[in-house]
Amino acid sequence: MSKVKKEGHKGGGNWKDFFHVIRKMRLPWHWIIIAFLCNFLYNRVMLDLPTVTAGLMSGSTDSQALVDAVWFYVLFTLVLCGDVALRSPARHVAARNIRRVIWKKMLRIRMDYYDGHNPSDLMSTMTNDATTATEYLVEFLVGFLPTIYYVAAALQTISSYNVWLMVSVFLLLPLKLIYAVFVGRWQYRTQFGVFKEIGSLTAYLAERVRNLMLIKTYTNEERELKNGEKTSYGLFDANMKVNKLNCVITALTTLLGMAQVMVVMVFGVLLLKRGDIDIQQWVAFYMFSGTLSTSFSNLIDYWMKLKSVQGAMARTAELLRAPEEEEQEGKREEKGAGTEVCFDHVSFSYGDKEALKDVSFTIPEGSSAAVIGLCGSGKTTSLSLLEHFYEPQEGTVSLGGVSVADIPLQALRGRMGYVQQGADIFSGTVREALTYGLHREVPDEEIWAAARKTGFAEILEKWDAGLDTPVAPGGTSMSGGQRQKLVLTREFMRGADVLLFDEPTSALDAAAARMVQDTIFDTFPDQTKIIVTHDLSLIRRVDQIIVLDRGVLAGCGSYSDLYGKCGAFMELIAACQAEKEAAKC
Ligand SMILES: Nc1ncnc2c1ncn2[C@@H]1O[C@H](COP(=O)(O)OP(=O)(O)OP(=O)(O)O)[C@@H](O)[C@H]1O
């Protein structure tokens, strides 16, 4: 991000980023070429407009001239409409393509990238930056060359009347170029600022709207109102800068346009008086000078839009350069290999924050293990390393005797089920939630059979709409226990052979926790199970307990191996018991 910020301050933009994004964005070239040809035709027809009009104004009123003129104006209107109509699909298809590219990238980026970048902040890259960037870029691609063609051809026609007329058109060109360069840089900076602020506002809203209950519980509406206003003011300030810039652009463009008209008038009238040009040429020249002035402004506008595109693409380019998870093509497909889990002298840090230090343990195939430890001791990090979300700096994490780094990611994650504390599920129907990630058509009979196995069927039968029951975002329309059962049913259908559970019972009352525990052990008797937990009754049921203390392995063995012998374990047991007693009160 810092690099992008620096570029933003410089204001000159970065062409490397620009071309990088263009290469990746899969522009709809066929649409662009069609729109380009239409625009070219429009400019070609526009070249004849002054001559036809000047012919009428200088007195040629015979019926054929009038009919020709009418036909010409009809043709002019048609190509103008065609030009406008075909530009939009080109813009929208381009925006759709880049959104697809960005979303695909966001799904493939390595998890450590998200540790330093708020994912919600990146949302506006896809919605806002991409749309504006493609819109402006297509405008440029479609309109820039035809406008140059128009300017060159119009100048040639004018010089055929009188070479001084052409010189008069160029007199103000140096001023216009200086204006384009300076305002273009300013445009880049302001546009970049707007996109950054839209990103912050989107991120703020995405987080707060998801947690409205939290805000209400803490009666923090007033504070959040102020926070929201503060973030919104950031965007307001950025937009006011754009407004200031637009005022300057309007003033300077108008002044330059008027100066251009005056220069043209003075030159034209002088040459007319001297008899160097006739009245028809004078009228045609006057009309040309008007359209030429617009075309020069358009060229400057295209340049500025290009600078805006750079501003909009700076964040997109950074996102597209983010490191992706490696799909280890060509590596051995380990489907069906053993499920013994082994951490061999593993050390891992998030940046400079150490999370695991020289941790070694082995969980035999088909057994169950609880990973316990105080908050922040590295339990969840261990599961993340096993899923290969992160790469340890030292040591090896292996599954079935093969380092997880050597197993293709899809195969590795296809073999693992991950049940998180909140059992997050997406909105939709219960059927969609149950079959999420199964990558195949699942008949209802199979779903019901799995639900009977986990006991979720008893819950489902009570819902009138059964599998079509709607699920609210995050599954908030269900209780914690119902969500856990739903996820366990899904994992049963997935047929994973290693199951990772992160605090599966912590959000449940004692009865629901017992029910979920039973479901875990009854439904997955032969799978390797790793359970991060503080639940004492769950700790007693597993084959092996791994005790972590501030990222270091403090003990490893069965309940009876550790009881009375491992200090850290005894402290945790005491803490769990105290917690349980407190819960009873
Ligand atoms: N994405 C991250 N970026 C930076 N530091 C992190 C990140 N995730 C975890 N940590 C840090 O790594 C350490 C281990 O965290 P981890 O979540 O593995 O602990 P834990 O034992 O699962 O904790 P808890 O029981 O509270 O969930 C902690 O100090 C934590 O602050």
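The values are calculated or read from the model by the stated rules, or taken from the named source; none is laboratory data. Keep in mind that what you see is a predicted model, and the values were worked out from it rather than measured. Don't worry about glycine lacking a Cβ; one is built from the backbone with ideal geometry, like all the others, and counts go over all protein chains shown. Side chains included, ligands, DNA and RNA excluded: accessible areas come from the protein's heavy atoms. Shrake-Rupley method; radii C 1.70, N 1.55, O 1.52, S 1.80 Å.
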Pairs of Lys in the stretch 341-584 closer than 26 Å at Cα, counting only those 8 or more apart or on different chains: 18
Cα lying deepest toward the dipole's positive end in the chain, options CYS81, ALA450, SER168, charges on Cβ: SER168
Crossing angle, helix 567-584 versus the chain [Cα axis fit, 0-90 degrees, rounded to tens]: 80
Normalised contact order of the chain, rounded percent, pairs of Cα under 8 Å and 6 or more residues apart: 15
Apportionment of accessible area to carbon and sulfur, the chain, percent (1.4 Å): 59
Relative packing of peptides 77-89, 117-129, 244-256 - highest average C-beta neighbours within 10 Å first: 117-129, 77-89, 244-256
The stretch 528-547 and the stretch 177-191: distance between their alpha carbon centers, rounded to Å: 63
Computed helical MRE - 222 nm, the chain, DSSP H runs ≥ 4 contributing -39500 (n - 2.57), nearest 500: -22000 deg cm²/dmol
From phi via Karplus (6.51, -1.76, 1.60), per-residue ³J(HN,Hα) for the stretch 519-535 in Hz, x at Gly/Pro: 4, 4, 6, 6, 7, 10, x, 9, 7, 6, 10, 10, 10, 7, 7, 10, 7
Placed amide H near ALA355: partners under 5 Å, 5+ positions off or other chain: PHE348, SER349, TYR350
Under the Debye formula (equal points on every Cα, no solvent term), log10 I(q)/I(0) of the chain at q = 0.08, 0.10, 0.13 Å⁻¹: -0.75, -0.98, -1.36
Farthest toward positive dipole pole in the chain [+1 Lys/Arg, -1 Asp/Glu at C-beta], among ALA251, ILE102, PRO364: ALA251
Distant-in-sequence amide H partners of ASP549 (H built 1.01 Å from N, under 5 Å): ALA554
Under 19 Å from the Cα of LYS176 - aspartates and glutamates, other chains or at least 8 residues apart: ASP301
Helix axis angle, 444-454 relative to the chain longest principal axis, alpha carbon, degrees: 40
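Using per-residue counts of other Cβ atoms within 10 Å, averaged over each peptide, order 22-35, 305-318 from highest down.
305-318, 22-35
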Residues whose placed amide H lies under 5 Å from that of GLY428, excluding near-sequence neighbours: VAL471
Relative contact order (percent, whole number), the stretch 341-584, Cα cutoff 8 Å, 6+ residue spacing: 27
Helix 480-494 axis, angle to the chain major axis (alpha carbon atoms, nearest 10°): 80
Average accessible area per residue (Å²) across the stretch 341-584 - probe 1.4 Å, nucleic acids and ligands excluded: 44
Highest average packing first - 464-476, 181-193, Cβ atoms within 10 Å: 181-193, 464-476
Dimensionless Rg/Rh of the stretch 2-321 - Kirkwood Rh, Rg from C-alpha atoms: 1.10
Shape category assigned to the stretch 471-514 from the gyration tensor of Cα positions, a/c cut at 1.5: oblate
Under the Karplus curve 6.51 cos²θ - 1.76 cosθ + 1.60, θ = phi - 60°, whole-Hz ³J(HN,Hα) for the stretch 369-378, x wherever Gly or Pro sits: 9, 9, 9, 10, x, 5, 4, x, 8, x
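Given the Cα atoms of the stretch 427-585, and with Rh set as the inverse mean 1/r over their pairs in the Kirkwood sense, what is Rg to Rh to two decimals?
1.03
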Student exercise, the chain dipole from Lys, Arg, Asp, Glu Cβ charges, in Debye to nearest 20: 2080
Bridge type composition, the chain - antiparallel percent by DSSP, nearest 5: 55
Dipole axis of the chain (+1 Lys, Arg; -1 Asp, Glu on Cβ), positive-most option in HIS30, THR505, TRP303: TRP303
Among beta bridges that DSSP assigns inside the stretch 431-558, antiparallel share in %, nearest 5: 50
For the stretch 2-321, accessible area per residue (1.4 Å probe, heavy atoms of protein chains only), Å²: 53
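Compute the Cα gyration tensor for the stretch 376-521, then decide on rounded, prolate or oblate, letting a ≥ b ≥ c be the square roots of its eigenvalues: rounded whenever a/c is under 1.5, prolate when a/b is larger than b/c in the other cases, and oblate in all that remain.
Since a/c reaches 1.5 and a/b is larger than b/c, the shape of the stretch 376-521 is classed as prolate.
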Antiparallel %, DSSP beta bridges [both residues in the stretch 341-584], to 5: 55
